[in-house]
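Structure record follows, encoded as structure tokens.
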There are 2 protein chains.
Amino acid sequence: MRRSERIVRLTQTLLEQPYRLLSLTEMADQLSSAKSSLSEDLSIIRDVLSKEGTGILETHAGAAGGVRYIPRIPAWQVQDFVQEMCRILADPERILPGGYLYISDILGQPDVLDRAGRIFAHIFSEMEADYVLTVETKGIPLAVSTARYLHLPTVVVRRDHRVTEGSAVSINYVSGSRRIQTMSLSRRSLPEHSRVLIIDDFMKAGGTAKALIDMMKEFKTAVAGIGVFMSTSEPEDKMLEDYVSLTTLAHVDEISREIQVSKGNFKLSDKER
Amino acid sequence: MRRSERIVRLTQTLLEQPYRLLSLTEMADQLSSAKSSLSEDLSIIRDVLSKEGTGILETHAGAAGGVRYIPRIPAWQVQDFVQEMCRILADPERILPGGYLYISDILGQPDVLDRAGRIFAHIFSEMEADYVLTVETKGIPLAVSTARYLHLPTVVVRRDHRVTEGSAVSINYVSGSRRIQTMSLSRRSLPEHSRVLIIDDFMKAGGTAKALIDMMKEFKTAVAGIGVFMSTSEPEDKMLEDYVSLTTLAHVDEISREIQVSKGNFKLSDKER
């Protein structure tokens, strides 16, 4: 096989399997190539990804050794994306009766999901989470996209308890709208002593995220991080401290039809390994 | 830039943007390369994808011309995947009280979502859908994964009507469990005269899918196809005829703890363009 063909296949194999440790020996077999040629190919791919800021190829030596692709996103792409989101979100047509902001369409766009998932995967890459956790409904696509780039399972907390979920832990909590709400998580869906990354669409006072944290205590499970697509600037004191938001909603005025959305509180780590 | 580097970048650009028409002129600019070299690179990539059965590169000539990557999945990978699913699903530990089968964990696994999404995208690639439609909750990850490979937005029908969705169309229907249920879809989420591909996790009699079809009439929208992860063999006469299932559940016996799962009714088109 020619080098250029090998490079197409290797690039495809790596990009389609983020975070998986791929054995050099197996890849060499599949491509009927010497390991030494493979190493040269991988170093070309590594250099391109590194130069573009789109990924890291991590090499593990030894018998169980191999190579692992870790997706990254360059800072300029994040900035462009967040600016674009702020522009789209500030469209007065999005204002709903009661001063709510319509965002469901955005959270179904494939490019938005892909980009946001990649950003969360980059930000939380060092958190060593075992699962991505979300609560139905609007946060699920975002959680799935993040989980894809981290190669983790997604676990969905339900609002009600279904017979198809088996035995579950249910808790009550007070939501931002001051209503008593219930959430429920199947016992089978999460082994005890895991680490979860919480991903959701929206955070106001943080009541739902706080309830998810409380729920995790029932599963003896640690919360490795919390990421939301949009948080509100008010109330400033949320029910939890450490969360990452991509955008911040400051203001929706139903009368003057003005919306203020700005960059969230996220920071990108520049750490390259 | 060396050919091998260009090929890494081109492969990445194409694979990360399924179904998008990418301009040759823009790509040549970005890579500071002649269009003729680019065409040679693309033909190498095209040959590898075609040989592997993992994708088609469609070239569009003319001023607005470019290249489009259409993801495919080889038949042997589909077969392996479905066999593996049947094996996992037949684990007696999955039997829940009442003879239900626990599948939520499977529908959260990144590899399952990726594979199933890719299979649905392959099967429904000719259907010219504008949206992927699903109903909360368990079908959402599958719908998002399919929509990613088709580069379509995902639209989620809700079980209740939320204030953050704006005005909505609500319908009542009778579900498989013979309960009267409600579903609701925001007016804003789907323009009239669209074409949707319905993706869901499970189908028994087809009551939910039928209700989605009825809902689409309210939006003057055509249903281009229906895909489910699992359907049941009973009742044989479903409330709709044309659907594609990846697996078929024949039997769950709570006493003998036996489960029978087999390949679904799907067919892969072998059409290559």
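Any read-out appearing in this document is the output of simple, stated calculations on the displayed coordinates, not a laboratory observation. Please read these numbers as outputs of a predicted model, since none were measured by experiment. Here the Cβ positions follow ideal geometry from the backbone for every residue, glycine too, while neighbour counts run over all protein chains shown.
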Tell me the relative contact order for segment A:46-98 as a rounded percent, counting alpha carbon contacts under 8 Å between residues six or more apart. 24 percent
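From Cα pairs below 8 angstrom and at least 6 apart in sequence, can you work out the relative contact order of chain A, rounded to a whole percent? The partial results should precede the final answer.
Details: 483 pairs, mean separation 42.0, N = 273.
It comes to 15 percent, rounded to a whole number.
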Let a ≥ b ≥ c be the square roots of the eigenvalues of the Cα gyration tensor of the protein assembly as shown; is it rounded (a/c under 1.5), or, if not, prolate (a/b larger than b/c) or oblate? rounded
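Indicate, rounded to the nearest 5 percent, the antiparallel portion of the DSSP beta bridges found entirely in the protein assembly as shown.
Numbers: 48 of 88 bridges.
Approximately 55 percent, going by the DSSP bridge assignments.
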Degrees, to the nearest 10: B:110-123 long Cα axis against longest axis of chain B: 80 degrees
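Can you bin segment B:85-215 into rounded, prolate or oblate? Criterion: square roots of the alpha carbon gyration tensor eigenvalues sorted a ≥ b ≥ c, rounded for a/c under 1.5, prolate for a/b above b/c, oblate for the rest.
Working: a/c = 2.02, a/b = 1.21, b/c = 1.68.
Oblate is the answer for segment B:85-215, as a/c is 1.5 or above yet b/c matches or exceeds a/b.
Loop only per DSSP, at most 10 neighbouring Cβ atoms within 10 Å: give me the trypsin sites (Lys or Arg not before Pro) in segment B:1-82, ordered by residue number.
Details: sites: B:ARG2, B:ARG3, B:ARG6, B:ARG9, B:ARG20, B:LYS35, B:ARG46, B:LYS51, B:ARG68, B:ARG72; in loops: B:ARG2, B:ARG20, B:ARG72.
Taking segment B:1-82 and a limit of 10 other Cβ atoms within 10 Å, the loop trypsin sites (Lys or Arg not before Pro) found are B:ARG2.
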At A:LEU240, with labels set 7 Å past Cα in the Cβ direction, how many nm apart are the copies from this one, shortest first? 3.7
Counting DSSP beta bridges with both partners in segment A:75-263, what percentage is antiparallel, nearest 5? 45 percent
Just rank A:THR182, B:THR13, fewest to most, by other beta-carbon atoms within 10 angstrom. A:THR182, B:THR13
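Beyond a 22 Å Cα-Cα separation, which of these cross-linked pairs lie in this structure: A:LYS138/B:LYS263; B:LYS217/B:LYS238; A:LYS138/A:LYS217; A:LYS138/B:LYS217; A:LYS138/B:LYS138? Each step should come with its number before you reach the end.
Details: A:LYS138/B:LYS263 32 Å; B:LYS217/B:LYS238 20 Å; A:LYS138/A:LYS217 24 Å; A:LYS138/B:LYS217 24 Å; A:LYS138/B:LYS138 13 Å.
Violating the 22 Å Cα-Cα cut-off are A:LYS138/B:LYS263; A:LYS138/A:LYS217; A:LYS138/B:LYS217.
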Angle in degrees between helix B:140-150 and the longest Cα principal axis of chain B, rounded to the nearest 10: 30 degrees
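Please identify every one of the GluC sites (Glu not before Pro) in segment A:31-130 that sits in a loop by DSSP and has no more than 15 other beta carbons within 10 Å of its own beta carbon. Spell out each step's value before the answer.
Numbers: sites: A:GLU40, A:GLU52, A:GLU58, A:GLU84, A:GLU93, A:GLU126, A:GLU128; in loops: A:GLU126, A:GLU128.
Here the sparse-neighbourhood loop sites are A:GLU126, A:GLU128.
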Using a 7 Å offset from Cα along the direction of the beta-carbon, what are the separations from A:ARG159 to the same position in each other copy, nm, ascending? 0.8
Spatially proximal lysines relative to A:LYS220 (Cα-Cα < 17 Å; intrachain offsets below 8 disregarded): A:LYS210
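Which whole-number percent gives the relative contact order of segment B:85-229, counting Cα pairs below 8 Å spaced six or more residues apart?
Numbers: 242 pairs, mean separation 31.4, N = 145.
Answer for segment B:85-229 is 22 percent.
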If you take the charge dipole of segment B:56-104 about its Cα centre, with +1 on Lys and Arg Cβ and -1 on Asp and Glu Cβ, which of B:ILE73, B:ILE103, B:HIS60 is farthest toward its positive end? B:HIS60
Inter-copy separations for B:SER36, label at 7 Å along Cα-Cβ, nm, ascending: 3.6
